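Structure first, then comments.
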Amino acid sequence: MSDSSTKLYEGVCDRFEQTASYVNLDAKVHAILSQPKAELMIHFPVKMDDGSYQLFKGYRIQHNNLLGPYKGGMRFSPEVSLDEVKGLAMLMTLKCALAKLPLGGAKGGIKYNPDDHSPEENQRITRRFTLALGHNIGPSYDIPAPDMGTNAQYMDWIMDTYHNLYGRKVEDKAVVTGKSVACGGSVGRASATGFGAVYCLEEWARESGQPLVGAKFAIQGFGNVGSHAALKLEELGATLVAVNDHTATLIHPEGISAKALAEYVQQHRGIKGFQPDHEVDDIRQFWSQDVEFLVLAAMENVVTKNNADLIRAKLIVEGANGPVTTKAEAILLDKGIQIIPDILANMGGVIVSYFEWVQNRNSEYWSAVTVDTKLREKLIAAYHSVVEIAGKQNVSMRQAAYVEALQHLEEVYLKRGVWP
Ligand code: GLU
């Protein structure tokens with residue numbers, strides 16, 4: 001188990017415990033939410049291109065389904081561990097509750113690196129995993145989606161495998177969201193997480209009197225979430241001055257074209273080589289950039305007590321899940337840096353997943369304008385409910401988001417009761 005995943009799980013649990021005692025959460029609701037409802041761990045063999053067989057380890061953690069079917073991504077990465085998916089599954093329960101979606105929380109994945117395998121092997125691994133999951137997923141029961149290391153192609157394979165095994169009804173396509181549009185995905189799903197993060201940022205900027213035109217921003221992670229956030233911010237007139245990803249760190253005070261960089265990354269799978277003259281070796285230069293906004297869109301635990309002091313941004317937006325450790329958060333808040341927390345900032349992805357699910361169940365296709373309008377509406381409502389709680393109770397936006405989510409879950413548990 002990697003240290004980072006343990007930290008993520010502990011961080012999520014700490015924040016949950018802290019809020020539970022702050023809101024005096026009902027004891028039985030507290031006990032139920034402190035553990036996932038189910039933890040599935042499976043080993044399955046897959047034939048490699050050379051004829052040999054390799055055994056893979058897959059997970060699906062179903063944290064809670066009080067509000068609706070379990071919902072959450074499938075992460076394919078060598079870092080995947082039980083603790084990591086447990087922490088991420090709890091975040092999904094809170095995220096869906098905060099977004100007021102009729103969905104619960106789950107997360108899963110396979111511990112392996114898709115980049116080490118051919119497309120044919122990745123396809124067989126995904127299909128064999130879906131077979132091994134069997135009826136543990138389903139359009140009214142548990143609905144996976146893309147996450148780190150997966151994309152629409154992987155979701156199409158999951159849907160096709162499930163459909164061939166069990167699909168009898170049109171709405172069975174809704175077993176998974178984040179599919180390609182051709183296979184029943186929603187327009188606007190791929191950009192939803194990144195755009196959603198910027199819609200929150202826009203609200204913050206408006207309320208803080210911070211103009212976007214001419215503002216400088218830095219982005220950590222330039223995959224699906226980071227690139228879409230950068231493209232949207234660029235469209236709004238802000239300037240990208242620093243980017244870091246798993247391949248390099250790029251700093252250019254005059255501005256980096258997000259559009260050109262996004263095209264480059266599509267081809268080269270990383271930012272390295274885009275502007276070699278502006279690459280720097282010392283990542284501390286990235287963290288200490290004098291920018292208005294810092295968007296964290298890579299992975300968990302990247303801002304720690306070791307680099308939090310360097311950060312000079314006015315606002316941090318958590319496009320990734322759990323990018324700031326609890327210790328780092330205390331340092332940042334002390335410095336007056338505000339943080340739009342993950343369960344709010346990156347909820348755009350699961351919101352449009354919900355739209356996809358609704359469209360599939362009704363055999364509908366919504367336009368890009370409809371999806372974007374509804375996404376904005378839901379996000380802005382969630383953003384303002386968080387800001388209102390934060391203001392009234394004098395707590396951080398993260399604490400306010402947890403308060404709102406936990407109180408919603410508590411209300412439903414108390415109304416429904418725990419049976420038998
Ligand atoms: N993996 C994304 C997240 O962490 C999306 C989940 C979904 O769409 O179900 O929010």
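Only the coordinates and a few stated rules stand behind these numbers; no lab work does. Since this is a predicted model, take the numbers as computed values, not measurements. Heads up, the Cβs are rebuilt from the backbone with ideal geometry, glycines too, and the neighbour counts pull from every protein chain shown.
Some values worked out for this structure:
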read-out	value
Counted charge near ALA401, where neighbours are those whose Cβ lies closer than 12 Å (Asp, Glu -1; Lys, Arg +1)	-1
Kyte-Doolittle at least -1.0, axis length at least 18 Å by Cα - qualifying DSSP helices, the chain	3-22, 82-98, 119-133, 152-166, 189-208, 348-361, 368-393, 397-416
Sequence-separation-based contact order of region 130-287, relative, with Cα cut under 8 Å and 6+ spacing, percent	15
Distance from region 355-420 to region 133-148 (C-alpha centre basis), Å	21
The chain: calculated mean residue ellipticity at 222 nm from DSSP helix runs of at least 4, using -39500 (n - 2.57)	-15000 deg cm²/dmol
Region 294-315-region 209-234 distance, computed between alpha-carbon centres (Å)	15
Relative contact order [Cα under 8 Å, 6+ residues apart], the chain, whole percent	16
Projected label distance in nm at LEU165 and GLU207, using a 7 Å step from Cα toward the beta-carbon	4.4
Gyration tensor verdict on region 359-420 (Cα atoms; rounded if a/c is under 1.5, prolate if a/b is larger than b/c, oblate otherwise)	oblate
Within the chain, percent of DSSP bridges classed antiparallel, to nearest 5	50
Among 291-300, 270-279, the order from most to least packed when residues are scored by Cβ within 10 Å on average	291-300, 270-279
Residues whose placed amide H lies under 5 Å from that of ALA320, excluding near-sequence neighbours	LEU296, ALA297, ALA298
Residues in region 33-48 reached by a label modelled at ASN136 [backbone nitrogen below 11 Å; 7 Å Cα→Cβ]	38-44
The chain: most fluctuating residue of SER367, SER208, SER191 per GNM, C-alpha cutoff 10 Å	SER208
Dipole moment magnitude, nearest 20 debye, region 200-252 about Cα centre, only Lys, Arg, Asp, Glu C-beta charged	100
Sequence-distant residues sharing a close amide H with ALA215 (under 5 Å, placed H)	THR239
Antiparallel %, DSSP beta bridges [both residues in region 4-121], to 5	85
Sequence-separation-based contact order of region 37-147, relative, with Cα cut under 8 Å and 6+ spacing, percent	32
Under 5 Å, built H, 5+ apart or other chain: amide partners of SER77	ILE110, TYR112
